[in-house]
1. Please list the equivalent ellipsoid semi-axes of region 88-139, computed as the square roots of five times the alpha-carbon gyration tensor eigenvalues, in descending order and whole angstrom.
2. Using 22 Å as the Cα-Cα cut-off, could you pick out the over-long pairs in LYS39/LYS163; LYS39/LYS173; LYS104/LYS134?
3. Pick out, in residue order, every one of the trypsin sites (Lys or Arg not before Pro) in region 30-117 that is DSSP loop and has at most 12 other C-beta atoms within 10 Å; say none if there are none.
4. How much length would be gained if the chain were fully extended between VAL132 and LYS166, taking 0.36 nm per residue of separation minus their Cα-Cα distance, in nm to one decimal?
5. Give the carbon-plus-sulfur fraction of the accessible surface of region 33-143 in %, rounded to a whole number; probe 1.4 Å, heavy atoms of protein chains only.
Amino acid sequence: MMRYCVLLFLLMLLPASAQQHCGYDFTSYIVLHIHEDGKSENISGLKVTLVDRDGNPAVNTNNSLSWQRAGQTLTFTENYQIGSDGKKVAEPNENSKWYFPYAKDTYLLSVTNEFPADDYQVRIEDTSVEPVFKTLVVPLYSYNMYVLCTGQQATQFGRKLNKPVKIVLEREK
């Protein structure tokens with residue numbers, strides 16, 4: 001009888017462990033490292049917008065592209081550091097961590113796992129009073145996505161997964 005009780009307990013425990021979820025379930029990220037040629041620092045303060053193949057801003061209708069910002073145009077945000085209280089820090093320090101820990105100083109956009117990256121592009125604009133950089137439109141591909149919480153092993157051949165898209169901006173003449 002005791003054997004059956006232990007077996008029943010183990011059978012109940014197994015499905016519970018198989019149902020554990022990751023904090024990023026059903027979400028992927030597109031991560032952009034935007035810099036100048038010959039420099040590694042990310043250029044801050046740019047307007048980075050997701051656009052369709054015709055250059056129109058992508059609107060997140062019925063959360064079809066992202067679980068955030070329903071009905072809004074999807075724009076990238078700069079990754080930032082947070083303190084131990086989980087709030088954005090004004091001045092990074094040794095105790096602060098990156099909001100999105102898988103990428104450092106980059107631009108981020110949260111998308112669904114089914115996001116059709118091959119149908120979209122990214123428009124990068126310097127919208128400052130006196131723009132320093134030229135506007136650039138860069139196509140996206142499915143391998144540009146940071147796919148998180150997957151049980152699948154990364155491919156051994158081809159482009160390495162979960163790497164930022166490296167984008168080099170040119171200065172205005």
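1. Values: eigenvalues 134, 93, 11 Å².
Working from the Cα gyration tensor, I get semi-axes of 26, 22, 8 Å.
2. On the way: LYS39/LYS163 18 Å; LYS39/LYS173 18 Å; LYS104/LYS134 24 Å.
Over 22 Å apart, Cα to Cα: LYS104/LYS134.
3. Numbers: sites: LYS39, LYS47, ARG53, ARG69, LYS87, LYS88, LYS97, LYS104; in loops: LYS39, ARG53, ARG69, LYS87, LYS104.
Within region 30-117, the qualifying trypsin sites (Lys or Arg not before Pro) (loop, at most 12 other Cβ atoms within 10 Å) are LYS39, ARG53, LYS87.
4. Numbers: separation 34, 0.36 × 34 = 12.24 nm, distance 1.88 nm.
Going from the current span to full extension adds 10.4 nm.
5. The C+S portion of the solvent-accessible surface of region 33-143 is 48 percent.
The values are calculated or read from the model by the stated rules, or taken from the named source; none is laboratory data. In this text, all values refer to a predicted model and were calculated from it rather than measured experimentally. Cβ atoms come from the backbone with ideal geometry, glycine included; neighbour counts cover every protein chain shown. Surface areas here come from the heavy atoms of the whole protein model, side chains and all, with no ligands, DNA or RNA. Shrake-Rupley method; radii C 1.70, N 1.55, O 1.52, S 1.80 Å.
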